[in-house]
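What follows is a single structure, written as C-alpha cells, with notes after it.
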Amino acid sequence: MAAKDILRSNKTSIVETLCADYKLILNKADENKFITRDDYGNLEYLCLSHLQYVLQLRVSVLDSLISFQDVQEG
C-alpha cells in the first residue's frame, strides 16, 4: 500500500491526533521537511479553527508526499 493510501485510510485518527497541538505538529512537519517553507509560512499565519488548520496541514503534507512520489517514480 502506498504511503498516500495509508494516510487517506487513517485520516480521521490523524486529524484527531493533530488537533491536540497543531503548532507543535506544524513545527515538526517543517523540521522533517514534510511541507515547503511557503506552506509553513502560509499555515503559520492563518487564522483558522483548530480543525480547519489541521485539515489544511494535512492537505499540504499529502501534496508534498504525492509530489515526492511522482519525482521518485518519474
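Key figures for this structure:
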item	result
Criterion: assigned to a helix (DSSP H, G or I), surrounded by 11 or more Cβ atoms within 10 Å (Cβ to Cβ) and at pLDDT 80 or above - qualifying residue of Tyr40, Tyr53	Tyr40
Enumeration of residues in the range 19-32 that are surrounded by 11 or more Cβ atoms within 10 Å (Cβ to Cβ) and either polar (S, T, N, Q) or under 14 Å from Leu62 (Cα atoms) (or both)	Leu26, Asn27, Ala29, Asp30
Criterion violated by Ile35 - all others in (1) hydrophobic (A, V, I, L, M, F, W, C); (2) part of a helix (DSSP H, G or I); (3) touching a residue at least 12 places away in the same chain (Cβ under 8 Å) satisfied	(2)
First in the range 60-71 and within 12 Å of Phe34 (Cβ to Cβ), second anywhere and at pLDDT 80 or above and surrounded by 14 or more Cβ atoms within 10 Å (Cβ to Cβ), Cβ under 7 Å, 6 or more apart	Ser60/Ile35; Ser60/Asp39; Val61/Ala29; Val61/Phe34; Val61/Ile35; Ser64/Phe34; Ser64/Ile35; Ser64/Thr36
Residue match in the range 58-69 (condition: of a type in the set (S, T, N, Q) and either at pLDDT below 80 or exposed (fewer than 12 other Cβ atoms within 10 Å of the Cβ) (or both))	yes
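The values are calculated or read from the model by the stated rules, or taken from the named source; none is laboratory data. Source: prediction; values computed, not measured. A quick note on method: Cβ atoms are made from the backbone with ideal geometry, for glycine too, and the neighbour counts reach across all protein chains shown.
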